[in-house]
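Everything below concerns the one structure shown next.
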Amino acid sequence: MNKTSNGNFFEDFRVGQEFRHATPRTLTEADAALNIALYGSRFAINSSDVFAQGIGLPRAPLDDLLVFHVVIGKTVPDISLNAVANLGYAEFRWGVPVYPGDTLSAHSTVLGLRENSNKASGVVWVRSTGVNQRGEMVLDYVRWVMVHKRDPQAPVQPTVVPTTAPAVKPEDLVVPAGLSIAGYDDGAAGSSHRWEDYAPGERIDHVSGITLEDSDHMFSTRLYQNTARVHFDAFAGKNTRFGRRLAYGGHVISLMRALSFNGLANGFRVAAFNAGSHVGPTFGGDTIYAWSEVLETAPLPGRRDVGALRMRSIAAKDCPCGEWPGKGADGKYHPAVVLDLDYWVLMPRRLA
Amino acid sequence: MNKTSNGNFFEDFRVGQEFRHATPRTLTEADAALNIALYGSRFAINSSDVFAQGIGLPRAPLDDLLVFHVVIGKTVPDISLNAVANLGYAEFRWGVPVYPGDTLSAHSTVLGLRENSNKASGVVWVRSTGVNQRGEMVLDYVRWVMVHKRDPQAPVQPTVVPTTAPAVKPEDLVVPAGLSIAGYDDGAAGSSHRWEDYAPGERIDHVSGITLEDSDHMFSTRLYQNTARVHFDAFAGKNTRFGRRLAYGGHVISLMRALSFNGLANGFRVAAFNAGSHVGPTFGGDTIYAWSEVLETAPLPGRRDVGALRMRSIAAKDCPCGEWPGKGADGKYHPAVVLDLDYWVLMPRRLA
Amino acid sequence: MNKTSNGNFFEDFRVGQEFRHATPRTLTEADAALNIALYGSRFAINSSDVFAQGIGLPRAPLDDLLVFHVVIGKTVPDISLNAVANLGYAEFRWGVPVYPGDTLSAHSTVLGLRENSNKASGVVWVRSTGVNQRGEMVLDYVRWVMVHKRDPQAPVQPTVVPTTAPAVKPEDLVVPAGLSIAGYDDGAAGSSHRWEDYAPGERIDHVSGITLEDSDHMFSTRLYQNTARVHFDAFAGKNTRFGRRLAYGGHVISLMRALSFNGLANGFRVAAFNAGSHVGPTFGGDTIYAWSEVLETAPLPGRRDVGALRMRSIAAKDCPCGEWPGKGADGKYHPAVVLDLDYWVLMPRRLA
């Protein structure tokens, strides 16, 4: 009996199929420190227990994107080991905060399938959910990914393309229980700009760049127990269309988030992704820059102390973002763009 | 008085000589996370406190190979700072599990000595033992290593070649106290294959490859406070026969173990090494693949719930292992092979 | 309103100006492990809770230089984001030990300003202080740094050059409260040499070298949330006078300290820097070696058990230090020298 898994290929998936992903993981203070070491994030809420306690939390929660990395990493061996590309995210929403000592596990359900016209691959839509040791939802999202077929001749399931919401509604964003903005310390957080100070259309250049090494992105994906082959195998990488290893797209998201501190320091929680795409590949040696635009500002029902900002952040490689590289009127991206992410962050409001 | 140690050379060793090695080390949750980040290991027992508690342990124990790395690292300044090569291991057996918060220290006794015919070096056999803060054995092994002479003309001790057992007996393998397989969760562990499903002669290709960077192996050896010069000094490395730094052989063992998850996910504990050799050198940039053969299956005295598998695992560089690169009939290894390890893992049995 | 900070330029500073730096940081066991992994430090006091408890401390304190890295990192966005070079340190003194769980924050006051004759930059002197969550001083120092002007034409403040003490006095060194040398374990610490065994003028070659990769120094500076551009941005680095990224000078200090274990293993605490300069730049791929000279030995008031050694340590790149590369009679440094540091370490004395 063959005991080795080569992962699922497109023809192996069925709509409604459920996966319970392997290797629950207890996250610790070490994951918090490594998240800082890998991306240089400076948000006070994830850096200081004292700051977090000042806003009513038991201690510093783990970075929201770390939760994303761990959950998506668990899904890889079942869903995307044979992925061609990660295509998109929707209805992507964080739940209860995750603290050191919490153990995360993940499960997924197949929502849709569509073979590509070349019959070499197809698109798989899954809903994946991460939960803590109490079964509480920490992250829930729809992702679609292009997966190779094992055999181009293999028959496939009927096409099902699920409908996903164009954006997460403000009223569906989760504000951590017990959060109390009265003790929010702008000085420690590094900014006096609050929710009221941002307006739709405003653009922010996050200025700095950070170079990504092969060693860095492999370190992060191993930490997340993400086994996607394209990131780890330089030998096999030589024979791909890129001729080399590909950095994990999530690494770029975290770098963008860390860079966004300069301008968004009070955006203390990533609450949801509305949509996102990895526009181009990133490789070891690339330097990542980022800029953002405020798409929308939304109050939250029942809260006078916290509001939501809908941001669009663009990351570009080897291209400082003072001239706002993005998507042209022709629908084509500036060649330096590697990430285009539409997401909600929570930010303190001015208290009356 | 010279306060600097240049390490011991072959002519400095005496049979019966004892070493108490410096720098006890308290291992923490951070070492657990870094072990995952360095190798991408996915064994549930070392990843999840919930999983470990489900089988009767207080929390997730630290990876067995991490214990090996820390203990062997402590011995380097006294035993192998001037090593030419690490030649072999025998009677290599893990004791009580190690948990975050435990402090490890190590001591060694010289068992044997044999000068090489070129008089430039010789082989030193040592027995080394790692203990926790309660003096309990966590690892005990014999290692032999080729060590430079300071002066080829120096007189040496009489040759003593110790006898070592060809393999660790199943009855000498340590099963962690309190282990209870009734709560073992195959789904979380990632495999439904248990001890009964493996048969001698069965071969398993672990499929994936992982590229090792210079940054990675230096990071790991520094973490283990292993000071062996060949790993750290690129400047001196230029003048060696390899013309560069050499990766720590233990790094390759841990990569092999991590890769073996695909096919051996329920092999939850490395209990002993019977024999092992670092067949060839590994350098930054090499991609490691691995395959394994089941050599023997052994029940354990007094246990119906856990059995032992004697495995032979081969790691090869820049060579996927679908064609089982190994040792030919002529006794010569395939040129890609870098590690040949004979070891015992513990695995749950099917409960009646 | 522009929400992005480009850091302060020389003309933005005023004598007496105060900064409260952003992002307090809770340090954990992970920072202790990463400090070992980044530099290979082997001092027992920072490695073993058992050792630390043996000398009266609650547990292993965090490495003194880690405290330095974290505090100085916090000052960068306000003080040295636009630095040309870090010029010197004075009155640099550690206070209470820092333990896992402590939260550090930092503040600074501008002491002096002097524009350079080329009007393109100027020197800024600041006093910076790190404190723990109880407000206790953990580190206090004066640093001067050359900072770019935004606009060479901009008017500047009057020149004020502060006077700093040439050295920290032994009586001002902080011995951790509760320290009791009676239980100091030389064997665990790795040396039988105590304070009495060192004499002014004695030189120690620390022998080993360690190669620094770009990945390593970026990992460390991100961990310290140090945002200095010169370290992270390989793209912008191409257009600098070096044509590449520059390693963080503090990384070299920590490598020197780790290397100094071989000869100074009982120098358990770095208590003060008297003076220090980063003599030359270090880049990824350089191999760091170090040697030291004992400048002075000083008893400490009221203590028979601990004394202070004033050391001068030199780090050199790609140059083993057996021939003591340093500063020539002409005042010029050997071209391999990258660091010249004058500092105090505490060491146990022989008990009567």
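The values are calculated or read from the model by the stated rules, or taken from the named source; none is laboratory data. Since the model is a prediction, treat every value here as computed from it, not as a measurement. Glycine gets a Cβ as well: all are built from the backbone with ideal geometry, and neighbour counts include every protein chain shown. We work out accessible area using only protein heavy atoms, side chains counted, and drop any ligands, DNA or RNA first. Shrake-Rupley method; radii C 1.70, N 1.55, O 1.52, S 1.80 Å.
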(Q) Placing the label point 7 Å from Cα along the Cα-to-Cβ direction, what are the distances from residue B:136 to the equivalent spots in the other copies, shortest first, in nm to one decimal? (A) 3.3, 3.3
Q: Could you work out, residue by residue across B:3-11, how many beta carbons of other chains sit within 10 Å of that residue's beta carbon, and then give the average as an integer?
A: 4
Q. Counting only the backbone N, which residues of the range C:88-114 are under 15 Å from the spot 7 Å out from the Cα of residue C:154 toward its beta-carbon?
A. C:113-114
Q) How far apart, in nm, are two points set 7 Å out from the Cα along the Cα-to-Cβ line at residue C:196 and at residue B:241? A) 4.8
Q.
Per residue, how much accessible surface does the protein assembly as shown expose to a 1.4 Å probe? Answer in Å², no decimals.
A. 33
Q: Treating the angle as unsigned and between 0 and 90°, give the value, to the nearest 10°, between the Cα long axis of helix B:29-39 and the longest Cα principal axis of chain B.
A: 80
Q: Add +1 for every Lys or Arg and -1 for every Asp or Glu among the other residues with Cβ under 15 Å from the Cβ of residue B:169, and state the total.
A: -3
Q: Under a cut-off of 20 Å between alpha-carbon atoms, report the aspartates and glutamates in cross-link reach of residue C:332, not counting same-chain residues fewer than 8 places apart.
A: C:293, C:318, C:323, C:340, C:342
Q. Which FRET efficiency value, to the nearest 0.05, do you get for residue A:172 and residue A:53 by plugging their Cβ-Cβ distance into 1/(1 + (r/R0)^6) with R0 = 25 Å?
A. 0.35
Q | Karplus-derived 3J(HN,Hα), 6.51/-1.76/1.60, for each residue of the range C:328-345, Hz, glycine and proline x | A | x, 4, 7, x, 9, 7, 3, x, 7, 6, 10, 8, 9, 10, 10, 8, 9, 10
(Q) Using a Cα-Cα cut-off of under 12 Å, which aspartates and glutamates could be cross-linked to residue A:149, ignoring same-chain neighbours fewer than 8 residues away? (A) A:11, A:12, A:115
**Q.** Position residue C:118, label points 7 Å along Cα→Cβ, spacing to each other copy in nm (shortest first, one decimal)
**A.** 5.3, 5.3
Q) Any idea how far the Cα center of the range A:215-233 sits from the one of the range B:55-118, in Å? A) 28
Q: Can you tell me which of C:34-47, B:316-329, A:58-71 comes out highest on packing, and rank the rest after it, using the mean Cβ neighbours within 10 Å?
A: C:34-47, A:58-71, B:316-329
Q) Classify the protein assembly as shown: rounded, prolate or oblate, from the alpha-carbon gyration tensor (a ≥ b ≥ c, eigenvalue square roots; a/c under 1.5 rounded; otherwise prolate if a/b is larger than b/c)? A) oblate
Q: Shortest first and in nm with one decimal, please list how far the residue C:322 label point sits from its counterparts in the other copies (point 7 Å along Cα→Cβ).
A: 5.2, 5.2
Q. Going down the table (C:169/C:327; A:238/B:317; A:3/A:119; B:238/C:317), which pairs top 19 Å between alpha carbons?
A. C:169/C:327; A:3/A:119
Q. Taking K and R as +1 and D and E as -1, what net charge do the other residues with C-beta under 14 Å from the C-beta of residue A:153 add up to?
A. 0
Q: With a cut-off of at most 11 other beta carbons within 10 Å, and DSSP calling the residue loop, which trypsin sites (Lys or Arg not before Pro) in the range A:95-135 qualify? Please list them.
A: A:134
**Q.** Helix-derived mean residue ellipticity, 222 nm - over the protein assembly as shown, DSSP H n ≥ 4, -39500 (n - 2.57), to 500
**A.** -5500 deg cm²/dmol
(Q) Using a 10 Å cut-off around each Cβ of peptide B:199-210, what is the average number of partner chain Cβ atoms that fall inside? (A) 4
Q | Inter-chain Cβ neighbour average for residues B:259-265, partner chain, 10 Å | A | 4
Q) Packing-wise, with mean Cβ within 10 Å as the measure, how do C:260-268, B:94-102 rank, highest first? A) C:260-268, B:94-102
Q. Within a Cβ distance under 13 Å of residue B:116, other residues only, what is the Lys/Arg minus Asp/Glu net charge?
A. +1
(Q) I need the peptides C:9-17, C:203-211 ranked by packing, meaning the mean over residues of other C-beta atoms within 10 angstrom, with the highest value on top. (A) C:203-211, C:9-17
Q | Between A and B, accessible area buried - total, square angstrom, nearest 100, 1.4 angstrom probe | A | 3100
Q: Calculate what fraction, in whole %, of the accessible area of the range C:36-125 sits on carbon and sulfur atoms when a 1.4 Å probe is rolled over the protein chains.
A: 52
Q. What angle do you read, to the nearest 10 degrees and between 0 and 90, between the alpha-carbon axis of helix B:249-259 and the longest principal axis of chain B?
A. 10
